[in-house]
Amino acid sequence: MADVLLDPAPPAPTDPRLPFNARQIFKLQKSWKGIKRNLEATGVEMFVRMFRNNDDLRLLFTKFRNLKTVDELRLDENVELHGKTVMDVIDEVISNIENVDYVLELMKNTGRIHRRFAGFTASYFWHIEKPFLEAVKITLGDRYSDNMDVIYKIFISFLLKHLEQGMTETNCVT
């Protein structure tokens with residue numbers, strides 16, 4: 001008698017607090033490997049694009065407020081360091097996305113940390129949304145499909161929502 005091929009079991013359901021299904025998580029984490037190899041460059045690109053369209057935000061950063069041109073921003077070690085720091089947090093979230101309690105706390109704690117920056121408001125987090133997507137698209141090149149665009153848009157909205165919550169929640173200890 002011939003072997004019977006059984007359909008693989010469906011993936012386990014994801015935590016309802018995540019805006020992803022199991023396949024989207026898999027694709028996000030797989031795609032992210034291409035970003036992870038270029039965290040610094042992607043982070044710099046993201047901040048250059050954000051500052052190009054939001055010069056008022058650049059002025060909030062004491063270490064880069066005197067950088068006026070795109071070239072100065074691209075070559076500055078402080079921009080690279082901050083871009084890497086931000087991308088490291090994003091990497092930590094994506095790498096551990098299925099550990100929902102951990103990533104929710106990480107995102108909210110990161111949001112809380114921003115309370116100490118004079119002039120920074122929670123709504124400013126959303127200024128990084130489009131630059132993040134553009135930087136990821138540049139880094140991934142033709143690996144950035146329409147499907148990945150949807151997944152990264154869901155991800156960045158999820159991240160920014162929780163950063164904003166962390167900064168604005170009044171029952172949080174900083």
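Among the conditions (1) exposed (fewer than 13 other Cβ atoms within 10 Å of the Cβ); (2) modelled with pLDDT of 95 or more; (3) touching a helix residue (DSSP H, G or I) at 6+ places or on another chain (Cβ under 9 Å), K63 misses just one, which is (2). So which residues in the stretch 69-85 are over 19 Å from the mean Cα position of the chain (by Cα), of a type in the set (D, E, K, R), outside any loop (DSSP other than H, G, I, E, B) and within 27 Å of M107 (Cβ to Cβ), if there are any at all? If the condition is that a residue be over 19 Å from the mean Cα position of the chain (by Cα), of a type in the set (D, E, K, R), outside any loop (DSSP other than H, G, I, E, B) and within 27 Å of M107 (Cβ to Cβ), then E77 is the only one that fits. Of all residues in the stretch 11-30, those being touching a residue at least 40 places away in the same chain (Cβ under 8 Å) and more than 24 Å from E105 (Cα to Cα) number 0.
Checking F47, F20 one by one, the residue that is modelled with pLDDT of 95 or more, surrounded by 15 or more Cβ atoms within 10 Å (Cβ to Cβ) and farther than 30 Å from N78 by Cβ is F20 and no other.
Filtering the stretch 27-68 to residues that are assigned to a loop (DSSP other than H, G, I, E, B) and under 23 Å from K137 (Cα atoms) leaves R37, N38, N54. Of all residues in the stretch 115-142, those being surrounded by 13 or more Cβ atoms within 10 Å (Cβ to Cβ) and assigned to a helix (DSSP H, G or I) number 19.
The values are calculated or read from the model by the stated rules, or taken from the named source; none is laboratory data. What you see is a predicted model; the values in this text were computed from it and never measured. Neighbour counts run over all protein chains shown; Cβ positions are idealised from the backbone, glycine included.
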